[in-house]
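For reference, the structure is listed below as structure tokens.
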2 protein chains.
Amino acid sequence: MSTSAEATAKKARLSGNVLKTISNEKRSSLLHKIHDGLKANAASIKEANQLDLQSAEKNGLADSLYKRLDLFKGDKFETMLVGIKDVAGLEDPVGKLKLARELDEGLNLYQVTAPVGALLVIFESRPEVIANITSLAIKSGNAAILKGGKESVNTFREISNIINTVITENESVSGIPSGVIQLIETRQDVSDLLQQDLYIDLVVPRGSNALVRQIKSSTKIPVLGHADGICSIYLDEDANLENAKRITIDAKTSYPAGCNAMETLLINPNMPEWWQVLENLVKTGNVKLHVTADVKSALLTKLQEANKLDEQLQSSIVDADEATDFDQEFLSLDCAVNFVESTEAAVAHINLHSSKHTDAIITENKANAEYFLKGVDSSGVYWNASTRFADGFRYGFGTEVGISTSKIHARGPVGLDGLVSYQYQLRGSGQVASDYVGSGGNKAFIHKNLDTSQVQLGA
Amino acid sequence: MSTSAEATAKKARLSGNVLKTISNEKRSSLLHKIHDGLKANAASIKEANQLDLQSAEKNGLADSLYKRLDLFKGDKFETMLVGIKDVAGLEDPVGKLKLARELDEGLNLYQVTAPVGALLVIFESRPEVIANITSLAIKSGNAAILKGGKESVNTFREISNIINTVITENESVSGIPSGVIQLIETRQDVSDLLQQDLYIDLVVPRGSNALVRQIKSSTKIPVLGHADGICSIYLDEDANLENAKRITIDAKTSYPAGCNAMETLLINPNMPEWWQVLENLVKTGNVKLHVTADVKSALLTKLQEANKLDEQLQSSIVDADEATDFDQEFLSLDCAVNFVESTEAAVAHINLHSSKHTDAIITENKANAEYFLKGVDSSGVYWNASTRFADGFRYGFGTEVGISTSKIHARGPVGLDGLVSYQYQLRGSGQVASDYVGSGGNKAFIHKNLDTSQVQLGA
């Protein structure tokens, strides 16, 4: 075990414990100061960013990646600064009262949101992300250890230095110690820190599926994120044809690399004109269909009957590899297609093959829709809407920490809420348990819920 | 990897997926049928229980353990039966609406509680626990794989057979498949199942610290429970002496083997008469004090000045092993004692040494109390109350699944709520993401929260 990783993790935990006690006013005010510091030091950040761009050029980085590195292209830098103020202005996620209960006279139980503690956040090379994550961490009262993609190392280092200078300069006023934000730079640092489950409470990986999978398999710390987004759409026998066409085109083709894109299309063969949905995917969306033998023979027959089978269609209908195609995220204009005979069968297929991200039913039949919404085990279950809506901004969460496919804690698109947990506060006046029934005494518990909107804790 | 473990785990997951769709009425009605089945078969359960008692006798089991095995001693069996009906009568934890938001006209987002999925529950030898866990699992819509202590294997097997007969007989009416409750019998089964993270969503170990620790270190599945209960009480300089005395006696001595018992006492030496609290622990509570050098010299001086230092006190004040005593759960009438100079120092000590279970401050000083409640990182943070209140029954949760010391999902005493998570339901009318701003379109999101009490899902 690396001593330096342990020291970094312990520093995060200890400074997080202090940050936890700081008021929202001071946390938000520090974010405004960080905003000002980054704004005032735009020149030195630009200089560091130039170094990264030069290395990228020297290393022959692809044009699209190069563009992502350039923090001063367009209004990216200004948008980054505005984002910090936006997060500062959000409602305080810490200290929210979720339950208030009178256990006995003068003995009240409160369930109150609290920061998770110490985060390890791993993200890609877009330089503006470091400011976003810093804001989210400080706003939610969590210490964070940050690791960004190596292509932006100079920019990250400069931004992190400025942030830490601001934090240190304001420590005597804000009470927030500099250890709340720490930058690490190597993959070895990451793998050492993944062993620090005593001090780190949550890992948030934002990056490739391979990265997330590797992190999940090498740590005992809970991971907030998703390795795969295998989203399915089920066309029920009572699907509206126009809805089916529009939604599948949107879900498959509007951003095929997105984790909320459709990868599997399940079709009830009793849906009239189902084949037109597939024809439309090929002709309008340029999609390659990976179809089972049943689908293939039925589809070719329908297309021939309608005199529609052209060369594009012929080359776009390929045999599905049934052992793998229904368990993979294509991230391209490919889609696996299968027949299912009922809503029950669709739900069973999805629960076995999906990655618990987002799955949709298209139907006008309310009973089938309700069964689907109850039966599917994923974080998002949709009725007559595109899976592409699975997104923190579209949900109105203000900002998105990630999309989680785990079954507990935070599921689906995660806003600031995913970075808090809760504590029980018990406020008494000298009560002891042995005075109560069940523990030798004769006092009875009242267990009366109080109106949380009327409670003012700490006032 | 064991094929049989995989089959068991997959069966749990698949039957859990069905159970997830069943109404509360049918889940609760099945519990009443299970109640009736167990009641009708009391004779065969008693026979099986006799076999376990005979083996216990043969193996020379300690008297206290023997008593726990006897399901027909006093009203234990009747209490077990009543418990099933009690759980059946609880409010449905599934399908609760936590958030309702209009994203756009005809496009509504709902956050709805849902079962976690498939549970692996490991528990001790008390035979009645199997009925309790079965009730909790079915009520919360989760499939469960059960492993009880080996001393009660015959009783568990008989009860499990009756439960599964009832489930099977009612399957055509209830829709609940028999795979929702499965009994396993060996430790090897448990360790094979701990590898089934694809199918099992949550492990709930109820047993010794060693068992929980071993489980936590050998699975990637989230574990709901606690290995240690290292609870501390801090006596602030403004502590009320009578409160301090009563609360420490209750917390240390009313049930020393409890995970919510006090293991560490932190004292602000500026508290007047602090030494009387320690004297009282020894004289009234028979507690052995493991004290640091500072505490020892100050305490002996105070006791001598007051002419109180007798033989019992002298032999009950021993040197703390500072390297270990503040990180261990004594589970006996022992207590580690240290001085801390301030509330901040107390919070820092607790955050470093406690097991995130429950910690208390005794003080009349509101500012210090509020700092403590905000600063301590444990699931329970108490002001002027005994740590022994950390208990699902005392919190009024109706029934207790366990006490969790994890930082995410369920914390502290966990009721049925800990066995549910949530899903996002999106109910639309054909909407696609690319029609909205930010994704190429020009429609704007409304993002208006709806009054959840006015929403009737599935109606």
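Between 0 and 90 degrees, the angle of helix B:129-139 with respect to the longest Cα principal axis of chain B falls at about 50 degrees. Each of A:G380, A:N338, A:T301 was scored by the projection of its Cα onto the charge dipole of the stretch A:262-388, and the greatest displacement toward the positive side belongs to A:G380; charges sit on the C-beta of Lys, Arg, Asp and Glu.
Quick check: the distance between the Cα centres of the stretch A:63-107 and the stretch A:337-407, to the nearest angstrom? Cα centroid to Cα centroid, the span is 27 Å. For chain B, the solvent-accessible area works out to 38 Å² per residue, with a probe of 1.4 Å and every protein chain left in place. With just the Cα atoms defining each centre, how far is the stretch A:286-317 from the stretch A:113-187? Give it in Å. Their Cα centres are 52 Å away from one another.
Kirkwood analysis of the stretch A:231-396, using all unique Cα-Cα pairs, places the hydrodynamic radius at 15.5 Å. Taking every protein chain into account, the 1.4 Å probe leaves A:F339 with about 40 Å² of accessible area, to the nearest ten. Heavy-atom accessible area, probed at 1.4 angstrom with all protein chains present, ranks A:K220, A:K20, B:K58 as B:K58, A:K220, A:K20, highest first. When the accessible areas of A alone and B alone are added and the area of the pair subtracted, with a 1.4 Å probe, the result is around 6800 Å², both sides summed.
Protein-only accessible surface at a 1.4 angstrom probe places the residues A:T284, B:T343, B:T21 in the order A:T284, B:T21, B:T343, largest first. The HN-Hα couplings worked out from phi for the stretch A:327-333 by the Karplus form 6.51 cos²θ - 1.76 cosθ + 1.60 (θ = phi - 60°) are 10, 10, 9, 5, 6, 8, 7 Hz, whole numbers, x standing for Gly and Pro. Remark: the stretch B:1-127 carries a charge dipole of roughly 240 debye about the Cα centre, counting +1 on each Lys and Arg Cβ and -1 on each Asp and Glu Cβ. Per residue of chain A, the DSSP helices (runs of n ≥ 4 H) give a summed -39500 (n - 2.57) that works out to -12500 deg cm²/dmol at 222 nm. Residues whose amide H falls under 5 Å from that of A:K443, counting only those 5 or more places apart or on a different chain, are A:Y436, A:V437, with hydrogens built in the peptide plane. Using heavy atoms of the protein chains and a probe of 1.4 Å, the accessible area assigned to A:S316 is about 20 Å². One quarter of the surface of the convex hull around the alpha-carbon atoms of the stretch A:313-459 equals 16.1 nm², the direction-averaged projected area.
Take each residue in A:52-63, count the other chain C-beta atoms within 10 Å of its C-beta, and the mean is 0. In order along the stretch B:338-344, the Karplus-derived 3J(HN,Hα) couplings, from 6.51 cos²θ - 1.76 cosθ + 1.60 at θ = phi - 60°, round to 9, 8, 9, 7, 7, 4, 4 Hz, and Gly and Pro are given as x. In this calculation the C-beta distance from A:Q50 to A:S217 is compared with R0 = 30 Å, giving a FRET efficiency of 0.20. Computed on the Cα atoms alone, the convex hull of the protein assembly as shown gives a volume of 173 cubic angstrom per residue. Relative to its residue count, chain B spans a Cα convex hull of 194 Å³ per residue.
Close amide-amide hydrogen proximity is noted between B:Y234 and B:L266, B:A360, B:I361, B:I362, each under 5 Å apart and 5 or more residues distant or on a separate chain (H modeled in the peptide plane; Pro and chain starts excluded).
Sequentially through the stretch A:114-124, phi angles give Karplus couplings (6.51, -1.76, 1.60; θ = phi - 60°) of 9, x, 5, x, 10, 10, 10, 10, 10, 9, 7 Hz, Gly and Pro residues having no value and appearing as x. The long axis of helix A:3-19 is offset from the longest Cα principal axis of chain A by roughly 70 degrees. Using a cut-off of 25 Å between Cα atoms, the listed pairs A:K407/B:K356; B:K20/B:K407; B:K11/B:K216; B:K302/B:K356; A:K26/B:K366 include B:K20/B:K407; B:K302/B:K356 as exceeding that distance.
Counting DSSP beta bridges in the protein assembly as shown, what percent are antiparallel, to the nearest 5? Around 30 percent of the beta bridges assigned by DSSP in the protein assembly as shown are antiparallel ones. For the protein assembly as shown, a simple Cβ point-charge model (Lys and Arg +1, Asp and Glu -1, everything else neutral) yields a dipole of about 220 debye relative to the Cα centre. Here the accessible area of chain A is 48 percent carbon and sulfur, with a 1.4 angstrom probe and all protein chains present.
Summarising the amide proton neighbourhood of B:L99: residues at separation of 5 or more, or on other chains, whose placed amide H is nearer than 5 Å comprise B:Q111.
With all pairs of different C-alpha atoms in the average, the Kirkwood value for the hydrodynamic radius of the stretch A:67-128 is 15.7 Å.
Placing +1 on each Lys and Arg Cβ and -1 on each Asp and Glu Cβ, with no other charges, gives chain A a dipole about its Cα centre of roughly 1580 debye.
When each of the peptides A:65-71, A:126-132 is scored by the mean number of other C-beta atoms lying within 10 Å of its residues, the order from highest to lowest reads A:126-132, A:65-71.
If you count the DSSP beta bridges with both ends in chain A, what percent of them are antiparallel, to the nearest 5?
Counting DSSP beta bridges with both partners in chain A, the antiparallel share is about 35 percent.
The values are calculated or read from the model by the stated rules, or taken from the named source; none is laboratory data. Computed from a predicted structure; not experimentally measured. Because the Cβ atoms are built from the backbone with ideal geometry, glycine has one as well, and the counts that use them run over all protein chains shown. We work out accessible area using only protein heavy atoms, side chains counted, and drop any ligands, DNA or RNA first. Shrake-Rupley method; radii C 1.70, N 1.55, O 1.52, S 1.80 Å.
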